[in-house]
Every structure is written in structure tokens, then in C-alpha cells.
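Beneath this line is the structure, given in C-alpha cells, with notes to follow.
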């Protein structure tokens, strides 16, 4: 079954006294996700935005593994922002910036993040389990913003469940998709072909598909190589 939650902290799991929330999916997927991110980030420096950081566990873990990278967590949900701040404090790492509230449906989402003291061109954007529990305009804004803010060699890493050529990759994902659409007709598991079209319109191309646990994938997008 694909992994998702609309709002952490409302799933019956208690928060730590300092406000940290725990996502069970993090413990299942963070090693596999890092195996995709690490080869690209190794030996590089720069700014990476996590778009939709949820509890904040991924950014804390990835920042610990890449001290040369500056990580910028973000979310739109106030409860999540509190948890991200708590995980940042718990980690005590200098390369995690304070969490920022951004609306991904706005293509200028990166400009919402700061008053001039935020990141410049981005080495990468990482986004996990967001676009299937949000209207399509969030995917549109995510890709448009990534294309706007990524540097020439930058990457967009998109984690979650996806359809391939209009078909689900597992029966559990089909059931999951139906449950999402029952909850909100604007939600649903997205098709890779539709995301490729969206990327192309923003000036990005799909360069890698990595298999993940629980019938998830990581899609990696980049700028086209010059002819």
C-alpha cells in the first residue's frame, strides 16, 4: 500500500513532548530514498529545498548525512511546521534552516521562503508524498517553481506512488487511488506520462525512475542536456 497522510498528528500517534511527530513511513523509506539522493549530492555543496517536509524526519536525516549541503525544509500545514522545527532543534545541525511555510500551488513558491536571506539557485528539490494528496495545480506549481529555481545541473526528486501508462503498478495502489478520489476528486495517484508533459512544459525532462519500497517510485527530473 502506498504511504501517505494528509496531516501528521491526527493519526492517533502522540507527539513527543517537544512537538516532534513520528511518521511510520519514514522508518520504511528513508534509507531507500537516500540511496537515490546520495550519488547526486555526493561531493557537491549548495541549497536543497524539501517541498512538503511533513514531520521533518527526512530533512533531519538527510542533513546529517550531507553536512556540506544546506537544507531548507518547508510545509503549508502549521502542525507540520511545528514538528519540523522540533526535529531541527533535536538534530542540532547547522545545515538545516528554519522551516518555512510555502504554498506550492504558486509557481513563485521559492520567493515566499525568505526576505532576501534565503537560498539562491537550488542544487535540488526533494518532494515526497505530496502531489497525490493535493490538487493538480500543486504539481503544476511544484514543477514551474523547480524549473525556475534549480541551477543548471540541478535535480527535482519526486517520491510517491505513480501510475505508468494509465495503469497502476499494484492492486494496492489502485485501491489507494480510489480512496483518495473518494475523499477529494482533485486528489489521486498521478500518471508518469502526465508528469513528463508537465515537466516538458516547464523545461525539465525525466532522466531516472527508481523503484522504492511499498510500490513507490522516485522520479528524477533535470534540465535537458544541450545538443
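The values are calculated or read from the model by the stated rules, or taken from the named source; none is laboratory data. Computed from a predicted structure; not experimentally measured. Cβ sites come from the backbone with ideal geometry, for glycine too, and all protein chains shown count toward neighbours.
Taking the options 88, 183, name whichever one is closer than 26 Å to residue 28 by Cα, free of Cβ contacts under 8 Å to residues at least 40 places away in the same chain and either buried (at least 22 other Cβ atoms within 10 Å of the Cβ) or under 15 Å from the mean Cα position of the chain (by Cα) (or both). So the residue among 88, 183 that is closer than 26 Å to residue 28 by Cα, free of Cβ contacts under 8 Å to residues at least 40 places away in the same chain and either buried (at least 22 other Cβ atoms within 10 Å of the Cβ) or under 15 Å from the mean Cα position of the chain (by Cα) (or both) is 88. Restricting attention to the stretch 91-100, the residues that are in contact with a strand residue (DSSP E or B) (Cβ under 6 Å, 6 or more places away or on another chain), modelled with pLDDT of 95 or more and either assigned to a helix (DSSP H, G or I) or crowded, with 22+ Cβ neighbours inside 10 Å (or both) add up to 1. Being surrounded by fewer than 21 Cβ atoms within 10 Å (Cβ to Cβ), in contact with a helix residue (DSSP H, G or I) (Cβ under 7 Å, 6 or more places away or on another chain), at positive phi and at pLDDT below 95: is that true of residue 170 here? The answer is no for residue 170. Restricted to the stretch 46-69, and to residues there that are out of contact with any strand residue (DSSP E or B) (no Cβ under 6 Å at 6 or more places or on another chain) and touching a residue at least 60 places away in the same chain (Cβ under 8 Å), the residue that is surrounded by the most Cβ atoms within 10 Å (Cβ to Cβ) is 58. Selection over the stretch 70-84 of residues that are assigned to a helix (DSSP H, G or I) and either crowded, with 19+ Cβ neighbours inside 10 Å or out of contact with any strand residue (DSSP E or B) (no Cβ under 9 Å at 6 or more places or on another chain) (or both) gives a count of 6. Applying the criterion of at least 1 residues that are touching a strand residue (DSSP E or B) at 6+ places or on another chain (Cβ under 7 Å) and closer than 14 Å to residue 50 by Cβ to the helices (runs of 4 or more DSSP H) found wholly in the stretch 101-213 leaves 136-149.
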